[in-house]
Amino acid sequence: MPKEVKDYLRLLDKPLDESEAPEARNSALGEDALWHVLYSLGQDNTHLTERKCYWGLVLAVRDRMLEKWSEVQRRYYKNDDKRLYYLSLEFLPGKFLRGNLLALGLENEAHEFLRERGFSLDEIIAKECEPGLGNGGLGRLASCYMDSMATYGLPAYGYGIRYSYGLFRQEIRNGQQVEQPDNWLHEGTHWLIPRPYKLYPVRFYGTVYEWLDDNGILRHDWRGGDLVMAMANDVLVPGYRNGHVNSVRLWEARPHKEFVLSSFNAGDYIGSVQEKISDENISMVLYPSDDAPEGKTLRLKQQYFFVAATMHDMVRRFKKLNKPWDQLPEKNVVQLNETHPSIAIPELMRILLDEELLSWEEAWYICQKLFAYTNHTVLPEALETWTVELMEQLLPRHMQIIYEINRRFLEDVRLHFRDEPDLPSRVSLITAGPEPRVRMSHLAIVGSFSVNGVSALHTQILRDRVFHDFIRIFPDRFNNKTNGVTPRRWLRQCNVPLSWLLSEHLGCGWVTDLNQLEKLRELVDVEEFRHDWEQCRLTNKKRLADYIEKMNGITVNPHSIFDVQVKRFHEYKRQLLNILHIISLYNNIRKKPEVKMQPCTFIFGGKAAPSYRMAKDIIYLINCVARRVNSDPHTRNFLKVIFLANYNVSLAQLLVPATDVSEQISTAGYEASGTGNMKFALNGALTLGTRDGSNIEIAERVGDGNIYLFGLCEQEVIDLRRRGYDPWDIYKNDSELREVLDMINSDQFTPGDPTAFSSIFNSLLSGGDPFMILADYRAYVEAHKRIAHEYVDRELWIKKSIMNTAGMGFFSSDRAIKEYSEGIWDIAPDV
Ligand code: F58
């Protein structure tokens, strides 16, 4: 290892010197930052503060991106490129500054500028606020994909909502989750470029009028109701060192009428702004879950709001080209990230039929060639539906169009599947019964030319179970695109020590060609390399240990196994299985203090949807167990349990490089893919996982010997359910487990309150637990034993760690985006 690398390990704030020259520009970044402090921020630039430097830098970086962005936009027009519209109700980009500096090759300049003024980039970035405009994997995937699209040079646009409040900020008080508003814009942000002149009206409610056109064709006109304005805000997304900059357009709801002056003058101050406030509410908050009925209308409003504005934008751009309508799908493709934006299908139909006066056949032909849909879940309760009643009220014209799509579709189905009288009701876009509902996934399937799952297993499940009927109707429509993560953020940015080491041995090419990590296989037997690998990991672990000390006031041993489970809290992800095992470990240490045990630090993080009682109880249980375990002098040196509050992208960037064991333990068949699993393995963590989602594909690539797979596979879960799963039987026969469960069902962790966790106990035993936690318990414990045993053999462990990183090239989002662009979108890079 060269001397500088070793220096780096000691001095984390030292810049990483890469050979590539920064983007050519006449003036220096620092000079421009100073200029902006005075002329854009309107502040004295002779006396600098951290804040001034930060915003000055942001504006100077933004200038550089804007120059490239406008060049790129002009090129798209000039080259008449086919464009991709990526529609997502969620984006989780993480902090911007470091990623943008890295992409533009400006990190050193920024370091220098700050250092000369007595500040440090790391400290400044620590205070940067993070847009939490998503719940979890789905939103983060959208951001990884935007990064890869820009790095590949694709003519692509992201579209979403500029929520004023992101997902709530999680605090832990007395062990319980408390939700606080996440006012990420409290200081404003220059990363967003507001476009007050890009303002489109969006209609809700109203009446549909019918009229006959000159050819005697019945036409429709949707009028009246409420109008809300959608205002564009652009976030720039630079490619990695390729001069390419794309953008994500986030719509903000603006009032159609500012305020009612007559009411104000009459003294009705509240009434005068009521309408304005209700309009602005549309982009106020991101929904953490859609199971609260009072939020339902607002959520559907959000969906239509951003989709209507986006379709308007696409049509406006297309019209500038003066091409016939049938070329719309030749020049554009729309990817729907889950069903949340699928109302785009009837919206485009409405535009083409009612505004552009196309025939139904022409309009439908265009739609079916334009839209593609990605499914991210097999959970029945997460497959979105809306009551016909609500749809008819809020979007009356769209409901008519959906009825007509359904009528024609079912007519076709009846014609082609004459001997299956039940099929039409199963595939219908609208459910039968007293409260009919629109199935958004069926709408998305019928209105798209491509439907994809996000891992091989998930796509297979869609084919075999969830959308089985549709496979026969549209055999060529379904395909798989296994997820990926961007190596820029999830290795180069978050793991600087390892990036140094990799670049030193492999060159810098891996940052944009992750398959180059394969070459690491040649280095596993080099002792010095393994030593350096371990040093990098230890540096990262110490950094995390410092953070834990600071945030939770608990000292953890950086030489202990860092075993991490961070993700949204959900029963299917089985954080419960993890904590059950921890309690049994705790019992064992107390019973047999003489047995030497490898010290272990179990780390949890993640948010529970505010209305999801069980998920919140599990968080509480983990914190109660942590309190007990961490304060027990008998176990303190061997076992620590940490819950890190407010898990977000930045915290993930700190945790991922410091993790030894990555917990990916969902019930097989439930996790569509997972992307956390990829980030951890890429950084050299070993996965402890079920044969679920993309864990299976990770195992294929890192090798069975370098991953700990355990438990029932998807088919076995189904078989067991069919045979009858009896958790009481397991309870009776496994004394260790019984002891753990009885402790939960007593006041052991909540002195004086023996029923605090009875709902958890009952869900595991009496409720028939669909996630079959106890069925996998023994196999999970055994896998942990193997881990503890093998971790001690440092040579073996480090080799396995290296083999993980070496095998993860496939899981780059660059690969995924290439597959999407070749296999679905039919678009090519313009660089
Ligand atoms: C996730 N879905 C999947 N949904 O769970 C995960 O397996 C997959 O890797 C990832 O998508 C990317 O494909 C997901 O994150 C949500 O966050 C829902 C959004 C709507 C509200 C409820 C949560």
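Normalising by the residue count of segment 229-374, find the relative contact order in percent from Cα pairs under 8 Å and 6+ residues apart.
17 percent
Rank these for me by crowding, ILE471, ILE343, ILE798, going from fewest to most other beta carbons within 10 Å.
So the ranking, lowest neighbour count to highest, is ILE471, ILE798, ILE343.
So if each residue of separation counts as 0.36 nm, and I subtract the Cα-Cα distance between ALA28 and SER70, what length gain in nm does that give?
The ALA28-SER70 span can extend by a further 13.1 nm.
Give the lysines reachable from LYS542 as a straight Cα distance under 16 Å; neighbours fewer than 8 places away on the same chain don't count.
Within the straight-line limit of under 16 Å, LYS542 reaches these lysines: LYS6, LYS550, LYS640.
Give the aspartates and glutamates reachable from LYS52 as a straight Cα distance under 14 Å; neighbours fewer than 8 places away on the same chain don't count.
Reachable aspartates and glutamates: GLU31, ASP32, ASP44, GLU123, GLU128, GLU187.
Within 13 Å, Cβ to Cβ, of PHE467, how many net charges do the neighbouring residues add up to if Lys/Arg are +1 and Asp/Glu are -1?
Cβ neighbours under 13 Å give a net charge of +4.
Against the empirical 2.2 N^0.38 Å scaling, what ratio does the C-alpha Rg of the chain come to?
Ratio of Cα Rg to 2.2 N^0.38 Å: 0.97.
Let me check against my output: what whole-number percent is the relative contact order of the chain, with C-alpha pairs under 8 Å and at least 6 apart?
So the answer I get is 13 percent.
Where in the chain are the DSSP H helices whose C-alpha atoms run 18 Å or more along the long axis and whose mean Kyte hydropathy is at least -1.0?
Those that pass (Cα extent of 18 Å or more, hydropathy at least -1.0) are 50-78, 137-152, 293-320, 396-416, 575-591, 613-630, 773-792, 794-807.
Which loop-located GluC sites (Glu not before Pro) does segment 177-257 contain, where loop means any DSSP state but H, G, I, E or B and the Cβ has at most 14 other Cβ atoms within 10 Å?
Hits after loop and neighbour filter: GLU187.
So which chymotrypsin sites (Phe, Trp or Tyr not before Pro) in segment 779-820 end up in coil per DSSP with only 12 or fewer other C-beta atoms within 10 Å?
Here no loop site has a sparse enough neighbourhood.
Please report the relative contact order for segment 352-454, taking Cα pairs under 8 Å with a sequence separation of at least 6, and give it as a percent rounded to a whole number.
Worked out over segment 352-454, it gives 43 percent.
If packing is taken as the average number of other Cβ atoms within 10 Å across a peptide's residues, how do 30-36, 733-739 rank, most packed first?
30-36, 733-739
May I ask you to list the aspartates and glutamates whose Cα is less than 13 Å away from that of LYS818, ignoring any residue fewer than eight positions away on the same chain?
ASP147, ASP513, ASP826
Using a 10 Å cut-off around each Cβ, can you sort LYS319, LYS818 from fewest to most neighbouring Cβ atoms?
Ascending number of Cβ neighbours within 10 Å: LYS319, LYS818.
Can you give the local net charge around VAL454? Use residues other than it whose beta-carbon is closer than 13 angstrom to its beta-carbon, Lys and Arg +1, Asp and Glu -1.
-3
Put a dot 7 Å past each Cα toward the Cβ at MET614 and GLU716; how far apart are the dots in nm?
Spacing of the two 7 Å Cα→Cβ label points: 2.2 nm.
Between LYS320 and THR46, what FRET efficiency comes out of the Förster formula 1/(1 + (r/R0)^6) with R0 = 56 Å and r the beta carbon distance, rounded to 0.05?
With R0 = 56 Å, the Cβ-Cβ based efficiency is 0.75.
Quick check: Cα centre of segment 746-784 to Cα centre of segment 198-216, how many Å?
Measuring centre to centre over Cα atoms gives 56 Å.
What distance in nm lies between label points placed 7 Å from Cα along the C-beta direction at ARG723 and ASN637?
Label-label distance for ARG723 and ASN637, simple model: 4.5 nm.
If you take every residue apart from ALA253 with its C-beta less than 11 Å away from the C-beta of ALA253, what net charge results, scoring Lys and Arg +1 and Asp and Glu -1?
+1
Separation between the ALA126 and ARG738 pseudo-spin-labels, each 7 Å from Cα along Cα→Cβ, expressed in nm?
If labels sit at ALA126 and ARG738, their model points lie 5.1 nm apart.
So what are the ³J(HN,Hα) numbers for segment 460-469, from phi and the Karplus equation (6.51, -1.76, 1.60; θ = phi - 60°), rounded to whole Hz, Gly and Pro as x?
4, 5, 4, 5, 7, 10, 4, 10, 3, 4
Only the coordinates and a few stated rules stand behind these numbers; no lab work does. The shown structure was predicted, so the numbers you read here are calculated from the model rather than taken from an experiment. Cβ coordinates were reconstructed from backbone atoms using ideal geometry, including for glycine residues, and neighbour counts include every protein chain displayed.
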